[in-house]
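The values are calculated or read from the model by the stated rules, or taken from the named source; none is laboratory data. Keep in mind that this is a model prediction, so the values were computed, not measured. All Cβ positions, glycine included, derive from the backbone under ideal geometry; neighbour counts span all protein chains shown. Remember, those area values only see protein heavy atoms, side chains included, never the ligands or the DNA or RNA. Shrake-Rupley method; radii C 1.70, N 1.55, O 1.52, S 1.80 Å.
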Amino acid sequence: MEKRVQKGKEESVLPAYKFRLFVTGSTPNSVRAINNLQRICEAHLAGRYSLEIVDVYQQPAVAQSEQIIALPLLIRKMPLPERKLIGDLSETERVLNALGLNE
Amino acid sequence: MSRSARKSNLQPLEKKPTGISGFDEITGGGLPAGRPSLICGEAGAGKTLFSIEFIVRGAIEFKEPGVIVIFEEQAADLEKNVASLGFDLKKLQKDNMLWIDHVHIDRSEIEETGEYDLDGLFIRIGHAIDSIGAKRVMLDTIENLFGGLSNEGILRAELRRLFGWLKNKGVTTIITGERGQGTFTRQGLEEYVSDCVILLEHRVTNQISTRLLRVVKYRGSLHGTNEYPFLIDEEGISVLPVTSLGLDNAVSSQRISTGILSLDSMFSGNGLFRGSSCLVSGTAGTGKTSIAAYFAEASCNRRERCLYFAFEESPKQIVRNMGSIGIDLKRHMDAGLLEIHSLRPTLHGLEMHLVAIHRAVKKFKPRMVIVDPITNLVTIGSMSEVKSMLIRLIDFLQGEGITVLFTALVYDKDATVQTDEGISSLVDTWLLVRDIEANGERNRGIYIMKSRGTKHSNQVREFVINDTGLELVDVYLGPDGILIGSAREAQQLSEVTGLELRHYAKSRKDREVERKRMVLESKIATLKEEFESVRDELNKTFVEEDLKNEIMEKNRDELTKTRNTRNSSHGKRK
């Protein structure tokens with residue numbers, strides 16, 4: 001299980017963002033998704049997000065429990081409601097829209 | 001094609017039985033092992049049920065664990081739906097024979113933000129397969145992915161990869177797909193799944209629906225190409241093939257009695273072959289049911305079970321009516337040798353009837369089946385459908401070695417050449433009972449139109465029904481041709497009269513002779529008496545003469561003696 005957690009400082013009044021990113025080992029899509037997500041988060045949510053990266057290859061059971069079909073999959077656990085994004089997160093505009101970071 | 005031909009020559013394709021009754025017969029063993037097969041059809045055609053039966057029967061009957069991946073119904077719904085078929089999915093899951101994964105995908109919840117693949121699905125299916133060591137997988141209906149994800153290019157490429165991947169894993173997969181316009185499936189899945197394609201259809205004709213199954217494609221294997229009707233009922237799917245693709249039923253050369261001795265004698269005294277099929281056709285009121293009842297009774301008297309399907313009368317009616325000609329069917333029903341199933345033909349479709357008959361036969365295990373009459377089935381299907389059904393019925397029964405008797409009503413008096421159902425060519429023996437109208441009365445004649453493999457009489461017999469039963473009477477062959485009914489009786493009577501008269505004349509002559517003889521004899525006696533008296537007269541004369549002579553002799557002797565004595569006395573005195 002590959003699990004990297006990056007925690008920002010709890011300093012802001014803005015809601016904390018909690019992400020879970022499902023990838024498949026180090027396939028090109030997965031690597032791109034990780035890089036893209038980190039870039040976006042650092043640019044918009046520096047210090048107020050947490051990110052959990054799950055390698056589905058390592059935890060195949062999670063695929064069923066999380067209703068995973070397409071990968072990479074990013075789930076915004078917080079703030080509610082949950083949002084699901086699939087793809088390598090290369091279309092930054094759509095990612096920002098979907099995560100509600102576009103104001 | 002050349003590839004498939006070569007393959008089948010070298011090594012026959014391995015197949016996985018589905019356990020669906022009938023389907024394994026038409027495909028020669030089931031679905032191609034280790035390959036994906038596509039089941040397509042319109043909504044409600046039975047795709048899901050077919051697939052579930054494949055998985056569940058695989059787990060129960062063939063001990064092959066299976067994975068169900070559903071893209072539509074909720075797992076709980078599914079369990080409920082198949083519980084009515086007697087499948088306990090929960091227990092199978094507990095026993096690690098079944099894995100159910102419900103794939104939920106909703107486009108509104110998902111944002112696509114770039115390149116992706118379906119590795120998630122691969123991992124899920126792979127995990128499920130590995131967890132229970134599955135050999136069978138069902139994907140129902142994978143096309144729903146097209147509704148959940150918008151990038152068709154990726155989807156198509158991924159599906160192609162998925163099917164290849166499943167093939168590599170060596171699992172036998174069923175993929176269902178909804179019928180599209182002009183294509184087998186909406187998304188053209190048949191392009192990816194090219195090993196085996198099965199099409200299910202649901203057709204309604206004359207308000208009676210028939211489900212049909214067709215094997216569109218089966219690479220590397222022979223398969224039946226027809227549309228096979230199938231049924232969904234409380235026991236799942238039953239496909240009804242023309243039981244086997246060939247005609248390789250075992251045959252018996254044993255002969256069984258028809259129950260009517262005089263009819264047996266028309267088959268050179270032995271009756272019919274066991275396991276053969278017999279058709280009795282005739283116009284209304286010619287006694288077809290009575291003949292059928294005789295067959296039934298003969299079977300029961302041999303202690304062999306008989307199953308009677310009546311489409312016109314209720315069991316009680318039949319028992320009562322047959323009682324009037326001296327057949328007691330009730331006794332056999334009580335002994336469990338006879339079962340009468342009365343059904344209205346319109347109760348359900350033809351195929352349902354066929355299955356009902358199948359079921360009843362499998363349950364009751366009779367040696368004789370009677371269907372009376374088949375003509376009524378035409379009300380619920382076209383001629384060709386009825387014929388196809390009857391072919392399959394005969395095939396099934398002959399495969400089981402069961403003797404079958406059909407009766408058929410012929411509407412047109414002259415239609416002796418062909419029955420309405422056109423099944424006369426299918427049956428082994430065909431008896432025709434018909435009215436012969438002459439001299440203002442109707443009489444029944446019976447003759448054997450054909451009887452395969454048995455010597456049979458070519459004569460028309462008159463067929464009489466009375467209180468004691470059925471009887472075949474030799475028709476009277478008089479100087480004016482064939483006589484039947486009262487004409488025959490009249491002729492017989494006049495013959496009797498003639499005989500009597502002749503007899504009388506003969507006895508009168510005899511008496512005359514006797515009398516003459518007596519007169520003569522008395523004359524002879526008189527003459528004899530006369531002769532006696534003449535002889536007596538003559539004798540008397542002779543006797544008198546003799547007596548006279550004798551007495552005279554005597555007297556003379558006396559005289560002589562007397563004279564001599566006198567002389568001597570004189571002498572003595574001297």
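Residues in the stretch B:122-166 that are open to solvent by less than 10 Å² (accessible area, probe 1.4 Å), within 10 Å of another protein chain (Cβ to nearest Cβ) and modelled with pLDDT of 90 or more: B:Arg124, B:Ile125, B:Gly126, B:Ala128.
Within the stretch B:214-240, if we keep just the residues that are closer than 15 Å to B:Gly28 by Cα, among the aliphatic types (A, V, I, L, M) and open to solvent by less than 40 Å² (accessible area, probe 1.4 Å), the residue that is nearest to the chain's Cα centre (by Cα) turns out to be B:Leu240.
Just the residues that are β-branched (Val, Ile, Thr) and either modelled with pLDDT of 80 or more or surrounded by fewer than 18 Cβ atoms within 10 Å (Cβ to Cβ) (or both), please, taken from the stretch B:177-209. Selection gives B:Thr183, B:Thr185, B:Val197, B:Ile198, B:Val204, B:Thr205, B:Ile208. Among residues of the stretch A:15-29 being part of a loop (DSSP other than H, G, I, E, B) and either among the β-branched types (Val, Ile, Thr) or buried (at least 17 other Cβ atoms within 10 Å of the Cβ) (or both), the one that is farthest from the other protein chains (Cβ to nearest Cβ) is A:Thr27.
If you take the residues in the stretch A:63-74 that are assigned to a loop (DSSP other than H, G, I, E, B) and open to solvent by less than 30 Å² (accessible area, probe 1.4 Å), which one is farthest from the other protein chains (Cβ to nearest Cβ)? Checked the stretch A:63-74; the qualifying residue farthest from the other protein chains (Cβ to nearest Cβ) is A:Pro72.
Residue check: is B:Glu109 within 14 Å of another protein chain (Cβ to nearest Cβ) and free of Cβ contacts under 8 Å to residues at least 24 places away in the same chain?
Considered against the rule, which asks whether it is within 14 Å of another protein chain (Cβ to nearest Cβ) and free of Cβ contacts under 8 Å to residues at least 24 places away in the same chain, B:Glu109 comes out as yes.
Evaluating B:Ser51 against the criteria (1) hydroxyl-bearing (Ser, Thr, Tyr); (2) under 21 Å from B:Leu162 (Cβ atoms); (3) within 14 Å of chain A (Cβ to nearest Cβ) leaves one unmet condition, (3). Report whether or not B:Ser494 is in contact (Cβ under 8 Å) with a residue 40 or more places away in the chain, under 30 Å from B:Gly440 (Cα atoms) and not aliphatic (A, V, I, L, M). No: the conditions fail for B:Ser494. Across the stretch B:194-207, not a single residue is classified as among the hydrophobic types (A, V, I, L, M, F, W, C), in a helix (DSSP H, G or I) and at negative phi. Looking only at helices (runs of 4 or more DSSP H) that lie completely in the stretch B:267-353, which have at least 3 residues being open to solvent by less than 40 Å² (accessible area, probe 1.4 Å) and touching a residue at least 12 places away in the same chain (Cβ under 8 Å)? Of the helices (runs of 4 or more DSSP H) lying wholly inside the stretch B:267-353, those with at least 3 residues that are open to solvent by less than 40 Å² (accessible area, probe 1.4 Å) and touching a residue at least 12 places away in the same chain (Cβ under 8 Å) span B:288-301, B:315-323. Taken over the stretch B:48-73, the residue count meeting the criterion of being more than 20 Å from B:His127 (Cα to Cα) and open to solvent by 10 Å² or more (accessible area, probe 1.4 Å) is 8. The set of residues in the stretch B:354-379 that are at pLDDT 85 or above and open to solvent by 40 Å² or more (accessible area, probe 1.4 Å) comprises B:Lys365, B:Arg367. For the stretch B:32-47, the criterion of being within 14 Å of another protein chain (Cβ to nearest Cβ), touching a residue at least 40 places away in the same chain (Cβ under 8 Å), crowded, with 19+ Cβ neighbours inside 10 Å and touching a helix residue (DSSP H, G or I) at 6+ places or on another chain (Cβ under 8 Å) is met by none of the residues. Could you check how many residues of the stretch B:253-264 are open to solvent by 10 Å² or more (accessible area, probe 1.4 Å) and either touching a Leu at 6+ places or on another chain (Cβ under 8 Å) or outside any helix (DSSP H, G or I) (or both)? Residues meeting the conditions: 6. Per the conditions (1) more than 7 Å from every other protein chain (Cβ to nearest Cβ); (2) farther than 14 Å from A:Asn29 by Cα, the sole criterion not satisfied by A:Asp55 is (2). Quick check on the stretch A:75-103: of everything there that is at the interface with chain B (Cβ under 8 Å from one of its Cβ atoms) and touching a residue at least 24 places away in the same chain (Cβ under 8 Å), which residue is farthest from B:Leu155 (Cα to Cα)? Among residues in the stretch A:75-103 that are at the interface with chain B (Cβ under 8 Å from one of its Cβ atoms) and touching a residue at least 24 places away in the same chain (Cβ under 8 Å), the one farthest from B:Leu155 (Cα to Cα) is A:Val95. Answer yes or no: is there a residue in the stretch B:430-450 that is surrounded by fewer than 21 Cβ atoms within 10 Å (Cβ to Cβ), in a loop (DSSP other than H, G, I, E, B) and at pLDDT 75 or above. Looking for residues that are surrounded by fewer than 21 Cβ atoms within 10 Å (Cβ to Cβ), in a loop (DSSP other than H, G, I, E, B) and at pLDDT 75 or above, one finds at least one in the stretch B:430-450, hence yes. Selection of the stretch B:94-121 for residues being open to solvent by 30 Å² or more (accessible area, probe 1.4 Å), β-branched (Val, Ile, Thr) and assigned to a loop (DSSP other than H, G, I, E, B) yields only B:Ile105. One residue is enough: does the stretch B:75-86 have a residue meeting the conditions under 30 Å from B:Arg219 (Cβ atoms) and basic (Lys, Arg)? No, the conditions are met nowhere in the stretch B:75-86.
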